[in-house]
Amino acid sequence: MSRVATLAAVSLLLAGCAGGPSISELRTGTRTATFVQYGKEPQRYSFGVVDTSSFWAAYGGGVSAQLGGGALWTGLEASGRAESEKRAPTVTEVMRWLYNKNPMADRVSAGVMPKLAAAWGVDYEPSRLRVLEHGTPLETEDGTFKAFNPMSDVVLVVAPYHVMLTERQTIGRAFAAGFTMGTNTKNVTVEGYVQLSAYKRDASGVYKRVWQNACGVNNVQMDIDFPFPEVIKSQEKAKQLFDAATPKMIENCGQFLAKVK
């Protein structure tokens, strides 16, 4: 799916326009639940609108001198990058460096899971939370849960899946972009989304995915931003953006779940 189509779909979900059966129609007979947090960081990192020159043109050259005074490069070397592999870092590498093990995923999971449980008519029990690493096989091609044997009526999953740095859009900035033909420095913020899934045990004891949606925060809903050239060099500025996005993701997901339950 293209990025435009993906964001359009997410926008519909954030607006509470998701189709399909409501949770109340699906949760009949559900009394017990197992809770899964899939990953302690986003599955995907990306840039949206950041500046008119490509990331590679702006930062691909002397990256060791431009990114955090060499902090990113040093970090990559410390993580085991071989001398022969020195090259411009990928967007994912830069974003992971900026993310810097932020607790966003844990905090969003902790905030959203009780709301997801309530929507499914079950009490959230932290003792039944399983945290799985990315790469753990979660389901088969036909949507059958396979990570482990849950021993409950339903499995509820919160999966942090996408964090993006992109321009925070305002009317004034739209005019500025028009006057400068897009060459103006972009003030960027964070967009973040989680995927919510439910697997229900059928008569044969197999757990089939019966419901899946997404929720989170988009750039317009954010209250904080910084110029892209500053963010790209600063884990501290990036942390402020991630920390500001976290409560908004929890709040928006709660509102979304209230609409679709």
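Couple of notes before you dig in:
- Between ASP243 and SER46, the contour length at 0.36 nm per residue exceeds the alpha carbon distance by 69.2 nm.
- Distance in nm between pseudo-label sites at LYS259 and THR28 (7 Å out along the Cβ direction from Cα): 2.6 nm
- The portion of the accessible surface of the stretch 105-257 made up by carbon and sulfur, rounded to a whole percent, is 51 (1.4 Å probe; DNA, RNA and ligands excluded).
- Each label was represented as a point 7 Å from its Cα along the Cα-to-Cβ direction; for ASP123 and THR185 these points are 5.4 nm apart.
- 13 Å beta-carbon shell around VAL260, net charge (K/R +1, D/E -1): +3
- Rounded if a/c under 1.5, otherwise prolate or oblate - the stretch 95-147, Cα gyration tensor axes: oblate
- The Cβ shell under 12 Å around GLY192 holds other residues with a net charge of 0, Lys and Arg each +1, Asp and Glu each -1.
- Amide N of the stretch 222-261 lying under 19 Å from the label point, which is placed 7 angstrom from the Cα of ALA110 along Cα→Cβ: 239-254
- The stretch 184-261 - accessible surface per residue (Å², probe 1.4 Å): 39 Å²
- Estimated distance in nm for a label pair at ASN100 and VAL131, the labels positioned 7 Å out from Cα along Cα-to-Cβ: 2.0 nm
- Neighbour net charge for ALA119 - beta-carbon separation under 9 angstrom, K R +1, D E -1: +3
- For the set LYS101/LYS146; LYS40/LYS259; LYS146/LYS259; LYS40/LYS146, the pairs lying more than 25 angstrom apart at their alpha carbons are LYS101/LYS146; LYS40/LYS259; LYS146/LYS259.
- Each of MET113, MET151 has its accessible area taken with a 1.4 Å probe; listed largest first, they run MET151, MET113.
- The gain in end-to-end length when the SER204 to GLU141 segment is fully stretched comes to 20.9 nm, 0.36 nm per residue minus the alpha carbon separation.
The values are calculated or read from the model by the stated rules, or taken from the named source; none is laboratory data. Keep in mind that this is a model prediction, so the values were computed, not measured. Please note: Cβ atoms are built from the backbone with ideal geometry, for glycine as well, and neighbour counts cover all protein chains shown. For accessibility, only protein heavy atoms count, side chains too; no ligands or nucleic acids. Shrake-Rupley method; radii C 1.70, N 1.55, O 1.52, S 1.80 Å.
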